[in-house]
């Protein structure tokens, strides 16, 4: 079973809840600013995700790394609990390097030895082909690699919208990822939920048939309705991701918020 | 004292030894393929670095992450020992994200709370300005941030050599980094030792007055003599980095190899 098959098997129940225990969120929701606070928050979110029937979570690795070894121990526990609940874990790590170094990152996140997530996000600044060791590891293990294509922040355009022999940087990355996805089913893309595809010379059809992780729903201006319009043909492989908005109204609202978002996406998606 | 001042204070003794305990290196040199093996190898290299009078080390984070929590505990010990020896530690992490996530990475590597290196490498795929939280953290703490400009691998050109309103992607990044470095002294660049600057529309003068980390000396085709030719004006801020070549001839040669490289750079640089 490829990673793409695993997403298809969700039959459109593809909402992803981002777990982003940054300092501001921890404080606002009454958690300690520590690895313990990060773990407590993470477990709370996992429990709410499970209750709401959501199937995908995306821990933001920076907020665990922030607390060093203890933070990574918390992430390890998060991943183990998510696995117990049958959730798909996308480690939002945005790793990117070359050769054996890239292979090291792939082993760290997709292997059995360290964090063992189901998928990882990767950054192609060193060229799409530099990510090959991650694609190979994912293929062997039936896991996924989401390559950054168009990010949700405006500053990204200067790099992602630059012009090369493949059109724009983003277009080249997307074209290559799609070809690889058709071949192996283990490659996906990160495309910000608010992305204006036309600025990058891309049509929505280029984004069909490949898992798309779409962060930026909620606080960054993306909406479910907007996503539905872009990905009209087929939203079964579209994974909208909501992070900060799950804490709106305080910690007692996390269950309700996640349940509401999940219902909304199941209806609209 | 800014990070740039710390490099100037080395008076040209700027060789950097990369600590890259990948699986192949560990095996070839007789170390366990485990976090313990990674730690033993790291301590061996630090001791050799200290004996040779080298002042900068660059652990490659992927090879620690590869072993999860135990790997990060080894990295923590490496950094503590390097600090004890008075070495400058550049964490080669190539992190890159936006907003509070980027701030999380900056805190993880430059703060007092997690890994506490002296500098970190960062990746500008999300745009140079997305890295601002790392620049701010570095400025406050007198530490350094090395932004990927031109990497040593050929696949990088499709991204880094793409054309935008600032010339090439690499040129825009380098121009912005240099302006920031002149302002704060805490920003540097990663420019592969084998980089052909003219392909990116860059002249060597654009690279003066800013710390340059130049990986790829040795196994990736860069040479000290080649670097000297490029950075003729001033090599005091140039940090050539050697990783794999330190193990040539086996584990008993690590001391000699590092001492030889250090002497060679002091003479040529």
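Which of the residues that make up segment A:103-124 are closer than 22 Å to residue B:148 by Cα and either in contact with a strand residue (DSSP E or B) (Cβ under 6 Å, 6 or more places away or on another chain) or surrounded by fewer than 24 Cβ atoms within 10 Å (Cβ to Cβ) (or both)?
A:103, A:105, A:120, A:121, A:122, A:123, A:124
Could you tell me which of the residues A:51, A:47 is surrounded by fewer than 16 Cβ atoms within 10 Å (Cβ to Cβ), under 21 Å from residue A:261 (Cβ atoms) and touching a helix residue (DSSP H, G or I) at 6+ places or on another chain (Cβ under 7 Å)?
Going through A:51, A:47 in turn, just one is surrounded by fewer than 16 Cβ atoms within 10 Å (Cβ to Cβ), under 21 Å from residue A:261 (Cβ atoms) and touching a helix residue (DSSP H, G or I) at 6+ places or on another chain (Cβ under 7 Å): A:51.
Do the conditions hold for residue B:138, that is, is it part of a helix (DSSP H, G or I) and surrounded by 24 or more Cβ atoms within 10 Å (Cβ to Cβ)? Give the steps one after another, and end with the answer.
Working: part of a helix (DSSP H, G or I): yes; surrounded by 24 or more Cβ atoms within 10 Å (Cβ to Cβ): yes.
Considered against the rule, which asks whether it is part of a helix (DSSP H, G or I) and surrounded by 24 or more Cβ atoms within 10 Å (Cβ to Cβ), residue B:138 comes out as yes.
Assess whether residue A:69 counts as being assigned to a helix (DSSP H, G or I) and either within 18 Å of the chain's Cα centre (by Cα) or facing chain B (nearest Cβ under 7 Å) (or both). Walk me through how you get there before you give the answer.
Values: assigned to a helix (DSSP H, G or I): yes; either within 18 Å of the chain's Cα centre (by Cα) or facing chain B (nearest Cβ under 7 Å) (or both): yes.
Yes.
Please determine, by comparing only the residues of segment B:206-225 that are surrounded by fewer than 21 Cβ atoms within 10 Å (Cβ to Cβ) and over 27 Å from residue B:166 (Cα atoms), which one is farthest from the chain's Cα centre (by Cα).
Checking each candidate, the answer is B:225.
Could you grab me the full set of residues in segment B:80-100 that are farther than 16 Å from residue B:145 by Cα and touching a strand residue (DSSP E or B) at 6+ places or on another chain (Cβ under 8 Å)?
B:82, B:83, B:87
Within the group B:111, B:99, which residue is over 19 Å from the mean Cα position of the chain (by Cα) and under 30 Å from residue A:219 (Cα atoms)?
After applying the criteria, what remains is B:99.
When segment A:157-168 is examined, which residues are found to be in contact with a helix residue (DSSP H, G or I) (Cβ under 7 Å, 6 or more places away or on another chain) and without any contact (Cβ under 8 Å) to a residue 12 or more places away in the chain?
Passing the criteria: A:158, A:162, A:164, A:166.
Name every residue in segment B:222-251 that is outside any helix (DSSP H, G or I) and in contact (Cβ under 8 Å) with a residue 40 or more places away in the chain, in order of residue number.
Let us first name the residues in segment B:222-251 that are outside any helix (DSSP H, G or I), namely B:222-223, B:231-243, B:248-250.
Matches in segment B:222-251: B:222, B:235, B:236, B:237, B:238, B:239, B:240, B:241, B:242, B:243, B:250.
In segment B:141-155, what residues are surrounded by fewer than 24 Cβ atoms within 10 Å (Cβ to Cβ) and either on the phi > 0 side of the Ramachandran plot or within 14 Å of another protein chain (Cβ to nearest Cβ) (or both)?
Correct list: B:142, B:152, B:153, B:154, B:155.
Please go through segment A:141-178 and pick out each residue that is within 30 Å of residue A:113 (Cα to Cα), over 16 Å from the mean Cα position of the chain (by Cα) and part of a loop (DSSP other than H, G, I, E, B).
Within segment A:141-178, just A:142 meets the criteria.
Of all residues in segment B:42-66 being out of contact with any strand residue (DSSP E or B) (no Cβ under 7 Å at 6 or more places or on another chain), in contact (Cβ under 8 Å) with a residue 60 or more places away in the chain and not in a helix (DSSP H, G or I), which is nearest to the other protein chains (Cβ to nearest Cβ)?
Within segment B:42-66, the match that is nearest to the other protein chains (Cβ to nearest Cβ) is B:52.
So residue A:254 fits all but one of (1) in contact with a helix residue (DSSP H, G or I) (Cβ under 6 Å, 6 or more places away or on another chain); (2) more than 30 Å from residue B:200 (Cβ to Cβ); (3) not in a helix (DSSP H, G or I); what number is the exception?
With respect to (1) in contact with a helix residue (DSSP H, G or I) (Cβ under 6 Å, 6 or more places away or on another chain); (2) more than 30 Å from residue B:200 (Cβ to Cβ); (3) not in a helix (DSSP H, G or I), residue A:254 is out only on (3).
Taking residue A:61 as meeting all but one of (1) buried (at least 24 other Cβ atoms within 10 Å of the Cβ); (2) more than 27 Å from residue A:238 (Cα to Cα), write down the number of the exception.
(2)
List the number of the failed condition for residue B:193; all other conditions in (1) closer than 22 Å to residue A:155 by Cα; (2) surrounded by 24 or more Cβ atoms within 10 Å (Cβ to Cβ) hold.
Residue B:193 satisfies all of (1) closer than 22 Å to residue A:155 by Cα; (2) surrounded by 24 or more Cβ atoms within 10 Å (Cβ to Cβ) except (1).
Give the residues of segment A:1-20 that are in a helix (DSSP H, G or I) and either surrounded by 21 or more Cβ atoms within 10 Å (Cβ to Cβ) or in contact with a helix residue (DSSP H, G or I) (Cβ under 9 Å, 6 or more places away or on another chain) (or both), sorted by residue number.
Step one: list which residues in segment A:1-20 are in a helix (DSSP H, G or I), which gives A:3-8.
Result: A:3, A:4, A:7.
Condition first: closer than 18 Å to residue A:118 by Cα and either out of contact with any strand residue (DSSP E or B) (no Cβ under 9 Å at 6 or more places or on another chain) or free of Cβ contacts under 8 Å to residues at least 40 places away in the same chain (or both). Now tell me which residues in segment A:186-213 satisfy that.
Within segment A:186-213, A:212 is the sole residue that qualifies.
Let's see how each residue does on (1) touching a helix residue (DSSP H, G or I) at 6+ places or on another chain (Cβ under 7 Å); (2) touching a residue at least 12 places away in the same chain (Cβ under 8 Å); (3) under 26 Å from residue A:190 (Cα atoms):
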site: B:69; (1), (2), (3): yes, no, no
site: B:83; (1), (2), (3): no, yes, no
site: B:87; (1), (2), (3): yes, yes, no
site: B:101; (1), (2), (3): yes, no, yes
site: B:116; (1), (2), (3): yes, yes, no
site: B:119; (1), (2), (3): yes, yes, no
site: B:123; (1), (2), (3): no, yes, yes
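Residues being assigned to a loop (DSSP other than H, G, I, E, B), at pLDDT 95 or above and more than 9 Å from chain A (Cβ to nearest Cβ): count how many of those fall in segment B:78-115.
Selection size over segment B:78-115: 3.
Output the residue which, of all residues in segment A:121-135 that are more than 20 Å from residue B:99 (Cα to Cα) and not in a loop (DSSP other than H, G, I, E, B), is farthest from the other protein chains (Cβ to nearest Cβ).
Within segment A:121-135, the match that is farthest from the other protein chains (Cβ to nearest Cβ) is A:135.
What's the number of the condition residue A:34 fails, among (1) surrounded by fewer than 22 Cβ atoms within 10 Å (Cβ to Cβ); (2) within 27 Å of residue A:142 (Cβ to Cβ)?
Going through (1) surrounded by fewer than 22 Cβ atoms within 10 Å (Cβ to Cβ); (2) within 27 Å of residue A:142 (Cβ to Cβ) one by one, residue A:34 breaks only (2).
Are there any pairs with C-beta distances below 9 angstrom linking a residue in segment B:28-41 that is in contact (Cβ under 8 Å) with a residue 40 or more places away in the chain to a residue that is surrounded by fewer than 16 Cβ atoms within 10 Å (Cβ to Cβ) and assigned to a loop (DSSP other than H, G, I, E, B), with the two at least 6 apart or on different chains, and if so which?
Close Cβ pairs satisfying both conditions: B:28/B:250; B:29/B:250; B:30/B:250.
The values are calculated or read from the model by the stated rules, or taken from the named source; none is laboratory data. In this text the structure is predicted, and so the values were computed from the model without any measurement. When we count neighbours, we look across all protein chains shown, and the Cβ atoms used for this are built from the backbone with ideal geometry, even at glycine.
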